[in-house]
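To start, the structure itself, in structure tokens.
The values are calculated or read from the model by the stated rules, or taken from the named source; none is laboratory data. Treat the numbers as computed from the prediction; the structure is a model and nothing was measured. Quick reminder, even Gly has a Cβ in these numbers, built from the backbone with ideal geometry, and neighbours come from all protein chains shown.
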Amino acid sequence: MARLADNVRAAVKCGPIPKLRDFQTLPLERLTRGERVCRFITEYLKVPEGALVGQPVQLAPFQQAFIVAVYDNPKGTRKAFLSCARKNSKTTTIAMLLLAHIIGPEAKQNTQIASAAASREQAALVFHAAEKMINQSTELRQLTRIVPSGKRIIGLTRNVEYKALSAEAGTALGMSLALAICDELGIVRGPSSPFIDAITTSQGAHENPLLIGISTQAPSDADMLSVWLDDAERSQDPHTISHLYQADSGADLLDKKQWRKANPALGLFRLEKDLEEQLKQAARLPSMEASARNLLLNQRISLINLFLAPAAWKANSAKPDIGVFRNNKVSMGLDLSARQDLTAAVLAAKDEDGVVHLLPFVYTPQAGLEERALRDRTPYAAWVRDGYMIAVPGTTIDYDWLAADLSKRLKDLDIRVHTIEFDRWRWELFQKAADEAGLRFDVINPVGQGYKDMSPRLEAFESLLLQGKIRHGAHPLLNMSAANAIATFDPAGNRKLDKSKTTSRIDPLVASVMACYAVGEGQARAVQFDVRAVIGSLACCAIGLALL
């Protein structure tokens, strides 16, 4: 029994620890299912390209560990994920597994299998890798029929049909897939994809379908691959295998120990010299660092200028205490946004330790919910069902309904809002509705969304977050906003959140930033509009004019 290398063992996030044996010397009848797949690959397949082209495939320990984990799982595997940095033979690994199902030990009579990729070019890479392996063997050529025009391969022994699918071509519908291997899931933005949904739903007719995802990490926690990897590690679903090779958070770009954590093929078919040159260049050029960390160290690092660091946001995910809102001054941040999008009202209250607790109420029109979910690639319907989002009857957000609902919820929770900070857009309409609903605020403070007003608020929010003084409860809409909020700078270095530069909605975070400022250290610097004080001043002016 071979001992697992430290980096391989550390990569196992979900599923049993694989047991590696010398499958090449054991009698065939003693091999496990996973070992039979490994034996087929090393006996029949040759390296399709590169410096070792034409030589018999030698599986790296991380590849053998993944294959054995997937096929020898005593609970049975339905989903499997392998994530590592670029140039670690991910595409070739996919091609080898496909051939094991086309003409190898996993071939099942009259089944359909597929590889899936976001673009035609990526889909073609997997197909051509499998095609090259077949064409290097007279025996394999006799057992298959290749259709280059349709990127199809037919396994003649058991009539297995393989097809390379791409999201651009929209060819996933109508198939019944026993196996689907998704290539580079990390490029899918947002927590869902209609194309991948079509792939997964096409497997419903099979008793034991298998979905495999092999990819470099996505840049954001809110992206689909990240959601799947995090769910696998958190849930420890016995039917899921997850092997994640990544460098430690904050690792030095030039630390060679970290290179191996993200590049399990280093020194085998991942050239160390090439990796070293790229990382040295990234260390010299700050503009390249994010890309290098994501692609070469397989870290979840955004390639754009996100406002919040994912690690800092996660560190503040403790649940808010409802008692804090009942026993302390409460501020509300309100971002009305467009009537067909999200309206967010976020409450903030500070406890005795200076920690700000957040309680969000997020609204969206009921009509067209599914269409907007597809547009924004977010599970709005599920969030409404689970109580994280509130659906407003009709096609637009009715401010009378909104104000009445907010007033009722606050009364039911026994919370009184002292201060409201809001985007001026459509405030007059909401204020009228709030007055009619009996929703009153002692202090109202309009907040411009430009650099002048937002920069100090972003600074204060970021400061609280870095000190671990926010409790947001990992609310999914706050998570979505935090994972996609992009900060832009003016020439003086001031910042604001730019909604035009993100495909996801960030209204809940905008409301949170405004609410936190009113109860945090920035409260004293806020230019507030105190209704009672103004009424008093006007009364004094009226008396003075009368005396004149």
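Taking the stated definitions as given, is residue 455 under 18 Å from residue 519 (Cα atoms), surrounded by fewer than 17 Cβ atoms within 10 Å (Cβ to Cβ), of a type in the set (Ser, Thr, Tyr) and in contact (Cβ under 8 Å) with a residue 24 or more places away in the chain?
no
Is there a residue in segment 30-49 that is β-branched (Val, Ile, Thr), in a loop (DSSP other than H, G, I, E, B) and free of Cβ contacts under 8 Å to residues at least 40 places away in the same chain?
The answer is no; no qualifying residue exists.
Output the number of residues of segment 259-274 satisfying the condition of being assigned to a helix (DSSP H, G or I), in contact (Cβ under 8 Å) with a residue 60 or more places away in the chain and surrounded by 16 or more Cβ atoms within 10 Å (Cβ to Cβ).
3
Residue 237 - would you say it is of a type in the set (Asp, Glu), buried (at least 21 other Cβ atoms within 10 Å of the Cβ) and touching a residue at least 40 places away in the same chain (Cβ under 8 Å)?
So residue 237 fails the test.
Within segment 327-437, which strands (runs of 3 or more DSSP E) (wholly inside it) include 2 or more residues that are among the aliphatic types (A, V, I, L, M) and under 24 Å from residue 191 (Cβ atoms)?
Because the criterion is at least 2 residues that are among the aliphatic types (A, V, I, L, M) and under 24 Å from residue 191 (Cβ atoms), the strands (runs of 3 or more DSSP E) in segment 327-437 that meet it are 343-350, 356-365, 390-392.
Condition check: buried (at least 17 other Cβ atoms within 10 Å of the Cβ), on the phi > 0 side of the Ramachandran plot and not assigned by TED's automatic domain parsing to the domain that holds residue 220. Does residue 377 satisfy that?
Here the answer is yes, as residue 377 does meet what is asked.
Given 213, 186, which one is within 18 Å of the chain's Cα centre (by Cα), closer than 17 Å to residue 94 by Cα and in a helix (DSSP H, G or I)?
Of 213, 186, the one residue that is within 18 Å of the chain's Cα centre (by Cα), closer than 17 Å to residue 94 by Cα and in a helix (DSSP H, G or I) is 186.
What pairs come out if I take residues in segment 111-130 that are more than 16 Å from residue 180 (Cβ to Cβ) and pair them with residues that are assigned to a helix (DSSP H, G or I) whose C-beta lies under 7 Å away, six or more apart or interchain?
125/91; 129/91; 129/92; 129/95
Any residue that is closer than 19 Å to residue 477 by Cβ, acidic (Asp, Glu) and surrounded by fewer than 18 Cβ atoms within 10 Å (Cβ to Cβ) - is there at least one of those in segment 383-402?
yes
Run residue 225 past the list (1) more than 16 Å from residue 85 (Cβ to Cβ); (2) part of a helix (DSSP H, G or I) and report the number of the one that doesn't hold.
Condition not satisfied by residue 225: (1).
Does segment 301-312 hold any residues that are over 17 Å from residue 517 (Cα atoms), surrounded by 14 or more Cβ atoms within 10 Å (Cβ to Cβ) and either modelled with pLDDT of 95 or more or of a type in the set (A, V, I, L, M, F, W, C) (or both), and which are they?
301, 306, 309, 312
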